[in-house]
Amino acid sequence: MNVGIDKLSFYTPGYALDMADLAAARGVDPAKFQKGLGQEVMAVSPKTQDAVTLAANAADKLLTDADRQAIDLVILATESGIDQSKAGAIYLHHLLGIQPYAKSVEVKEACYSGTFALHAAVDHVRLHPEKKALVVTADIARYGLNTAGEVTQGAGAVAMLISTHPRIATVHSDSVALTRDIMDFWRPNYTDTAYVDGHYSNEQYLDQLQQTFAEYCTQSGHELADFAAMAFHLPYTKMGVKGLRHLLEVNTVSEETAASLWESLEASRTYNRQVGNIYTGSLYLSLISLLANDETLSGGDTIGMYSYGSGAVSECYSMTLVEGYRYQLDKIGMEAMLADRQRLSVAEYEAMFTLDWPTNGETVHYAPNNDSNDFRLLGFDQHKRLYGKSAD
């Protein structure tokens, strides 16, 4: 029985900051951001958007009434959680109008948890083939103003509807994961910005890639040449270049295969360049970018996936594309969303970044920003978040 991704889309807020403008404000050569890190635009999230609303906006556009009745598992993967107890997936379940007899949970392990959620959903549907599962990865990456990680910030969500007879890709149960206790990136409960040891994290990303992929090949019988493309977790898009170069150094492929993998990598970085890091969703935004922009791919091609979450857990697995998968992607709509964002000045971005959500239980109501037609955070009352749309 084939189980996998039937529908796939992403959402990013209506504000963006050009990396050339940020570089000028920080006294940095723009090439350091645009070429050195591979980032062109950073998505900026207003206070009317959080992990729940990002997730709802990504998923709502995918779901029909029949889907909402068939879904009996909702998983939100995020490291931008809004509550230490109540799962954001419960808010998501309510906002999307999914039938009540569904399991709804939130999962966390840095940027890796979206991959765990995907496999959990696939396993669930294999056991319950008449049902569907919804997986959403949603995050707001925050490192702070004038920090080394500032340029890799971003915000967005990726939604995946999992079913039998998928129309985009069959997800294979050939995954191999590696866990090691390291401190390359972390965010304690008392801060809303992350700490990262950048150089060390890059080293760990590549070291775990080498070890995980080698073990994956041993257990699965695959080799690098078997894949039409490789999709990587992209905290910044130059990391995908480093990852593929690393694999090509330790795996033998023909010049033709290597050239094809490089071409596919460029396609997979297109949307991430325009959004930035979305933590749990970065690998899956790269997958969307690959499928939407690589004209050499076709049904039956197998894609290799590398997921990495600091701390650290990494995983390699594969999926096979279904004939006609391009018809399931709203490329025009996704690219219009990116193009229609309001470009912020650095001063406007800094003002938006430093706005705080209330912590004292006061009643606050937010006017719509550039999300007037989307799910948004309406405000707070007695320590409770209020969600809806502008008309609510």
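The values are calculated or read from the model by the stated rules, or taken from the named source; none is laboratory data. As the structure is a prediction and not an experimental result, all values here were calculated from the model. Here the Cβ positions follow ideal geometry from the backbone for every residue, glycine too, while neighbour counts run over all protein chains shown. All accessible areas refer to the heavy atoms of the entire protein, side chains included, with ligands and DNA or RNA removed. Shrake-Rupley method; radii C 1.70, N 1.55, O 1.52, S 1.80 Å.
Laid out as a table, the results:
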read-out: Within the stretch 132-163, tally of residues that are open to solvent by less than 10 Å² (accessible area, probe 1.4 Å), part of a strand (DSSP E or B) and either charged (D, E, K, R) or closer than 16 Å to Val41 by Cβ (or both); value: 5
read-out: Residue match in the stretch 286-301 (condition: open to solvent by less than 10 Å² (accessible area, probe 1.4 Å) and of a type in the set (Ser, Thr, Tyr)); value: yes
read-out: Residue tally, condition of a type in the set (Lys, Arg) and either without any contact (Cβ under 8 Å) to a residue 12 or more places away in the chain or surrounded by 18 or more Cβ atoms within 10 Å (Cβ to Cβ) (or both), over the stretch 6-31; value: 1
read-out: Identity of the residue in the stretch 334-363, out of contact with any Phe, Trp or Tyr (no Cβ under 9 Å at 6 or more places or on another chain) and surrounded by 12 or more Cβ atoms within 10 Å (Cβ to Cβ), that ends up farthest from Ser80 (Cα to Cα); value: Ser345
read-out: Residue ID - farthest from His233 (Cα to Cα), chosen from residues in the stretch 80-121 that are crowded, with 21+ Cβ neighbours inside 10 Å and among the aromatic types (Phe, Trp, Tyr); value: Tyr91
read-out: Those residues of the stretch 43-85 which are touching a helix residue (DSSP H, G or I) at 6+ places or on another chain (Cβ under 7 Å), among the charged types (D, E, K, R) and either without any contact (Cβ under 8 Å) to a residue 60 or more places away in the chain or in a helix (DSSP H, G or I) (or both), in sequence order; value: Asp60, Arg68
read-out: Tally, over the stretch 164-196, of residues that are among the charged types (D, E, K, R) and open to solvent by less than 70 Å² (accessible area, probe 1.4 Å); value: 3
read-out: The stretch 95-117, residues that are farther than 30 Å from Ala25 by Cβ and in contact with a Phe, Trp or Tyr (Cβ under 8 Å, 6 or more places away or on another chain); value: Leu95, Val107, Glu109, Tyr112, Gly114, Thr115
read-out: Candidate set: the stretch 236-246, residues that are of a type outside the set (Lys, Arg) and out of contact with any helix residue (DSSP H, G or I) (no Cβ under 6 Å at 6 or more places or on another chain); chosen: the one nearest to Ala43 (Cα to Cα); value: Met239
read-out: Members of the stretch 180-208 that are within 27 Å of Leu8 (Cβ to Cβ) and among the hydroxyl-bearing types (Ser, Thr, Tyr); value: Tyr205
read-out: Output for the stretch 280-329, where each listed residue is over 17 Å from the mean Cα position of the chain (by Cα) and charged (D, E, K, R); value: Asp294, Glu295, Asp301, Glu323, Arg326
read-out: Counted residues, the stretch 349-392 - those being farther than 16 Å from Ala51 by Cα and either touching a residue at least 24 places away in the same chain (Cβ under 8 Å) or not in a strand (DSSP E or B) (or both); value: 24
read-out: Search result, residues across the stretch 233-268 that are part of a loop (DSSP other than H, G, I, E, B) and within 22 Å of the chain's Cα centre (by Cα); value: His233, Leu234, Pro235, Tyr236, Thr237
read-out: Any hit, the stretch 315-333, residues being assigned to a strand (DSSP E or B), touching a helix residue (DSSP H, G or I) at 6+ places or on another chain (Cβ under 6 Å) and open to solvent by less than 50 Å² (accessible area, probe 1.4 Å); value: yes
read-out: Of all residues making up the stretch 49-79, the number that are open to solvent by 10 Å² or more (accessible area, probe 1.4 Å), under 11 Å from Gly97 (Cβ atoms) and among the charged types (D, E, K, R); value: 3
read-out: Filter result for the condition that a residue is modelled with pLDDT of 95 or more, farther than 23 Å from Ala367 by Cα and hydroxyl-bearing (Ser, Thr, Tyr), over Thr48, Thr12, Thr53, Thr64; value: Thr64
read-out: Residues of the stretch 258-274 that turn out to be within 18 Å of Met334 (Cβ to Cβ), of a type in the set (Ser, Thr, Tyr) and open to solvent by 20 Å² or more (accessible area, probe 1.4 Å), as a count; value: 1
